[in-house]
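Step one of this worksheet: look at the structure below.
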């Protein structure tokens, strides 16, 4: 009976959109998906969240605001035609450094965590291919929605990683944080090596 039901479901299945854009998914949704689909930006934002979650709790809200403001500033710079040469390499290098810091159990001070959040936001914003909000074929409102989606996704990734890191107070979980940091560093180095050799 179960096999027959699965067979009927397989026959009636509609096309999957696993690797394409969502039907009707533009504006906010395309911007929101970008930090999750770009491995370098996801690694950097996740590593930032783990780092600020390991810092003092009072740093987290300030770092989150700085991350969002800096991401908006970075997207504004990108829409104005200002790009950072080899931004992808810089993003991966910073991700590796943050991962090594987590693996080495380095607890950064609040000022360093905030400065890292600003740098992360700028790098993520400049590296986001969101169309400019003025001129071009994309309406300004759609471009603003896409930028809001990017900022929302960066906030979500960083704050969930910060909450995860802050909850790792037990000695066994502290070891898990170190393992996560080492994996972040290893993935960043491998992706960077692939980009440099490819």
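The values are calculated or read from the model by the stated rules, or taken from the named source; none is laboratory data. What you see is a predicted model; the values in this text were computed from it and never measured. Here the Cβ is made from the backbone with ideal geometry for all residues, glycine too, and neighbour counts use every protein chain on show.
Quick look at the numbers
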{"quantity": "From 50, 68, 75, residue being farther than 27 Å from residue 178 by Cα and in a helix (DSSP H, G or I)", "calculated": "75"}
{"quantity": "Residue check for residue 175: under 18 Å from the mean Cα position of the chain (by Cα), modelled with pLDDT under 95 and either under 19 Å from residue 57 (Cβ atoms) or not in a loop (DSSP other than H, G, I, E, B) (or both)", "calculated": "no"}
{"quantity": "Number of the exception - residue 88 against (1) under 21 Å from residue 163 (Cα atoms); (2) in a helix (DSSP H, G or I)", "calculated": "(1)"}
{"quantity": "Boolean, residue 98 is in contact with a helix residue (DSSP H, G or I) (Cβ under 9 Å, 6 or more places away or on another chain), modelled with pLDDT of 90 or more, crowded, with 21+ Cβ neighbours inside 10 Å and in a helix (DSSP H, G or I)", "calculated": "yes"}
{"quantity": "Complete set of residues in the stretch 114-126 that are within 21 Å of residue 89 (Cα to Cα) and either over 16 Å from the mean Cα position of the chain (by Cα) or not in a helix (DSSP H, G or I) (or both)", "calculated": "115"}
